[in-house]
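Working notes, structure below.
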Amino acid sequence: MRTAVSTALAAALSASLPMPSSAMSRSATCARHVSRMNTPAFSTSAAAQQQPNHLLSIPPHGQEGSLRHTFFALRHGQSLANVAMIISSDPKISTVKHGLSDFGHEQAKEAGKHFAEQFHAENDASNEYCGVAIFSSDFVRAKETAQHMADACKAASIPFYKNEGVTLDENLRERNFGTLNGGSDDRYQDVWDVDITDPTHNEFGVESVYSVVERTTRLVLDKDEELSEASRGDEKWKCILVAHGDVLQILQTCFKKMDGSLHRTLPHLETATVRELKVEAAPLCGYHAVK
């Protein structure tokens, strides 16, 4: 996937979200941002709706009532589809083909080793976490990445939730790119260019941004509750969500309480990269969350 913000995206942001000239003017400027974000210039779909982000009502990280457990996004390592530069998001294909390349396997092993080392370095001081819970997409490239993570944690004697290395969950599957499946990954940009103006769209038969928002944030709340019910006392788990580029870009906007349409404005999550996800306070507007 391309890492740069597209020309169309940049134009949409610059047209509707001008940078405030000073901190004093920020609040007033944000009021204008919000009003513009709610106009047809920002969301052209007549079916535009409030995004179904289940994390919007969750207090920020560290506050009472926030998520109990700590979540991490892990994008799969380099896949054979990445090497071939094709889109692979059809479950009938991706659950049986397009696993990791040799380089992708090495990436995933290194990510697992680094995570395990960090777990012990942090936990030896605080003893805050009782272990790890690994949930993964059932696409081959994600499963293989998750297994490398599990192998590294096992080698480091880190306990697993329910003594299970990896639990598969279809809600972590890649966003379905419809008729673009099997074609050049250059076509991702065509989808992202529409995302910024209409996060409910299904152009090319793709799954909408808001569909991804709904299923991934529901999964986060479900897993946080499940882990809490299975824990004793104040036990906490580090929960690793192993998934895909678009899904995790969009999920990051949800933790930041930004509109999902802005997913390509966030720092790109490279293959086999682990990134902690923390619920943040709602920004004055999506623009300032980006900045």
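Given the criterion under 14 Å from Arg175 (Cα atoms), of a type in the set (Asp, Glu) and either buried (at least 23 other Cβ atoms within 10 Å of the Cβ) or in contact (Cβ under 8 Å) with a residue 12 or more places away in the chain (or both), identify the matching residue among Glu270, Glu235, Glu214, Glu276.
When all the criteria are applied, what remains is Glu214.
So in segment 121-172, with the set limited to residues that are charged (D, E, K, R) and modelled with pLDDT of 95 or more, which one is surrounded by the most Cβ atoms within 10 Å (Cβ to Cβ)?
Arg141
Scan segment 141-172 for residues that are among the small types (Gly, Ala, Ser) and in a helix (DSSP H, G or I) and jot them down.
Initially, segment 141-172 is screened for residues among the small types (Gly, Ala, Ser), giving 142, 146, 150, 152, 155-157, 165.
Result: Ala142, Ala146, Ala150, Ala152, Ala155.
Could you tell me whether any residue of segment 243-258 is out of contact with any Gly (no Cβ under 9 Å at 6 or more places or on another chain), crowded, with 19+ Cβ neighbours inside 10 Å and part of a strand (DSSP E or B)?
Checking segment 243-258: at least one residue is out of contact with any Gly (no Cβ under 9 Å at 6 or more places or on another chain), crowded, with 19+ Cβ neighbours inside 10 Å and part of a strand (DSSP E or B).
For segment 83-99, how many residues are closer than 21 Å to Leu168 by Cβ and not in a loop (DSSP other than H, G, I, E, B)?
Our first condition is that a residue be closer than 21 Å to Leu168 by Cβ; within segment 83-99, this holds for 88-99.
Those still in the list that are not in a loop (DSSP other than H, G, I, E, B) too: 91-94.
Qualifying residue count for the region: 4.
Tell me yes or no: at least one residue of segment 66-80 is in a helix (DSSP H, G or I) and buried (at least 17 other Cβ atoms within 10 Å of the Cβ).
Yes - at least one qualifying residue is present in segment 66-80.
Could you check how many residues of segment 173-197 are in a loop (DSSP other than H, G, I, E, B) and buried (at least 17 other Cβ atoms within 10 Å of the Cβ)?
Here the count works out to 8.
Mind counting the residues in segment 208-235 that are among the small types (Gly, Ala, Ser) and part of a helix (DSSP H, G or I)?
2
The values are calculated or read from the model by the stated rules, or taken from the named source; none is laboratory data. Nothing here was measured: the structure is a model prediction, and the numbers come from that model. Please note: Cβ atoms are built from the backbone with ideal geometry, for glycine as well, and neighbour counts cover all protein chains shown.
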